[in-house]
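A quick write-up on the structure given underneath.
The values are calculated or read from the model by the stated rules, or taken from the named source; none is laboratory data. The model shown is predicted, which means the values in this text are computed figures rather than measured ones. All Cβ positions, glycine included, derive from the backbone under ideal geometry; neighbour counts span all protein chains shown.
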Amino acid sequence: MDIASIRKEYTLKSLEIKDVNEHPFTQFHNWFQEAVSSKVLEVNAMTLSTFGTDGYPNARIVLLKELDYGFVFFTNYKSEKGRELLQSPKAALTFYWGELERQVRVVGDVEVISDEQSDEYFTSRPVGSQIGAWASPQSEKINSREFLEKQLENFKKEFESKPLTRPPHWGGFRVIPNKIEFWQGRPSRLHDRILYEINEEGTWTISRLAP
């Protein structure tokens, strides 16, 4: 297969500073709603990049679950990404909506969300997902799939006789951005890149970047 010959010309839209909102969260919301309307597959999927404990960067796909003053997602705090974020609370997020030829990049600091907010989301999940949060020792090496299935059955039985609560090792993180870049594919690889950066006064500045 000739991988080098694979290419796509981007022609759908353009992006100008004069057309974007002055606040990046509003701009993101506008693009997100357009992606939802366009039926983008897994529209809230985002690549989470962290600092590995071994010094190497680490990335995986997680799901955006809330947008307030940051980007909120949920995981096992004892997982690889959980441990990395607790040790080095800085991260990058990348959204890619190929159907719209768009990308959004977020860089910022990370905080653990409140127990109350984690509880609220946990109880909204399907029961199977709630029990799964108890059953899986996320990122640990296991011997077989059967181990997980047995764990699941054991916790199902345990919670037949008591309330199904959120595991203390499971909850949310919030990425609070200091940079957000909006990328729109354009012909001849001369893509539009609009960068928002927060300044010392806590307001956002907007710049155009060369592709």
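Residues that are within 12 Å of the chain's Cα centre (by Cα) and closer than 20 Å to GLU34 by Cβ within region 58-98 comprise LEU63, LEU64, LYS65, GLU66, LEU67, PHE71, LEU93, THR94, PHE95, TYR96, listed in sequence order.
Going by the structure shown, is GLN27 loosely packed, with under 13 Cβ neighbours inside 10 Å, among the polar types (S, T, N, Q) and over 13 Å from the mean Cα position of the chain (by Cα)? Please lay out each step first, then the result.
Values: loosely packed, with under 13 Cβ neighbours inside 10 Å: no; among the polar types (S, T, N, Q): yes; over 13 Å from the mean Cα position of the chain (by Cα): yes.
For GLN27, the condition - loosely packed, with under 13 Cβ neighbours inside 10 Å, among the polar types (S, T, N, Q) and over 13 Å from the mean Cα position of the chain (by Cα) - is not met.
Checking GLY98 against (1) modelled with pLDDT of 95 or more; (2) of a type in the set (Gly, Ala, Ser); (3) touching a strand residue (DSSP E or B) at 6+ places or on another chain (Cβ under 9 Å), which single condition isn't satisfied? (3) is the only condition that GLY98 fails. One residue alone among SER139, SER129 is free of Cβ contacts under 8 Å to residues at least 60 places away in the same chain and surrounded by fewer than 18 Cβ atoms within 10 Å (Cβ to Cβ), and that residue is SER129. It is to be established whether one or more residues within region 49-64 are closer than 18 Å to ILE176 by Cβ and touching a residue at least 60 places away in the same chain (Cβ under 8 Å). No, every residue in region 49-64 fails to be closer than 18 Å to ILE176 by Cβ and touching a residue at least 60 places away in the same chain (Cβ under 8 Å).
Candidates are the residues of region 39-60 that are hydrophobic (A, V, I, L, M, F, W, C) and under 18 Å from GLY108 (Cβ atoms); the one that is surrounded by the most Cβ atoms within 10 Å (Cβ to Cβ) is LEU48. Is it true that some residue in region 55-62 is within 25 Å of THR203 (Cα to Cα), of a type outside the set (A, V, I, L, M, F, W, C) and at pLDDT 95 or above? No, because not a single residue in region 55-62 is within 25 Å of THR203 (Cα to Cα), of a type outside the set (A, V, I, L, M, F, W, C) and at pLDDT 95 or above.
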